[in-house]
Amino acid sequence: MSVKQISIFLENKPGKMCEVSEVLAERGINMRGISLAETEGFGIVRIIVDDVYEATTVLKDNDFLNKLTSVVVAEIPDIPGGLSQILKVFADEDINLAYMYALSAEGPTNKAYMVFKVDDHKTAQAALTRAGIRVVSQEEISSL
């Protein structure tokens, strides 16, 4: 039940992120979550989209180097300490967290959605489920 994240490798130059956003928007692809990290000379954009196949196709067609990675998306209560509940599960189960970022959700909600890159997404999903934390599927991404 993992979600596919698209990582896009970009030159660290003005306008590059705008180009990515425009080519996705032109095809009606909605970015539900996004993270941008920079290193010397290039950036890594990580996105969760509503249509993975279409997004990777349009990115490739426009010469944007990208790859797919499995990540875990979890629903958490949007209250103080909500994130701590998940991080405690990971700590208790000895699950290493590489990075995380938030997803957007439509309309008023009392839930938050977080993307987690972990060493073993199947173990992380099972641990979260045992702890009563809902894990979001790829199919649910467009309805958040």
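Quick note: the coordinates plus some simple rules give every number you see, no bench work behind them. Since this is a predicted model, take the numbers as computed values, not measurements. Don't worry about glycine lacking a Cβ; one is built from the backbone with ideal geometry, like all the others, and counts go over all protein chains shown.
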* Selected residue (only one of Val45, Val118, Val73 is under 14 Å from the mean Cα position of the chain (by Cα), closer than 17 Å to Glu139 by Cα and among the β-branched types (Val, Ile, Thr)) -> Val73
* Asked: Does region 33-56 hold any residues that are assigned to a strand (DSSP E or B), more than 23 Å from Arg134 (Cα to Cα) and either touching a residue at least 24 places away in the same chain (Cβ under 8 Å) or out of contact with any helix residue (DSSP H, G or I) (no Cβ under 8 Å at 6 or more places or on another chain) (or both), and which are they?
  -> Ala37, Glu38, Thr39, Phe42, Gly43, Ile44, Val45
* Check on Val89, in contact with a helix residue (DSSP H, G or I) (Cβ under 9 Å, 6 or more places away or on another chain), assigned to a helix (DSSP H, G or I), of a type in the set (A, V, I, L, M, F, W, C) and farther than 30 Å from Glu22 by Cβ -> yes
* If you take the residues of region 1-32 that are of a type in the set (Val, Ile, Thr) and in a helix (DSSP H, G or I), which of them is surrounded by the most Cβ atoms within 10 Å (Cβ to Cβ)? -> Val20
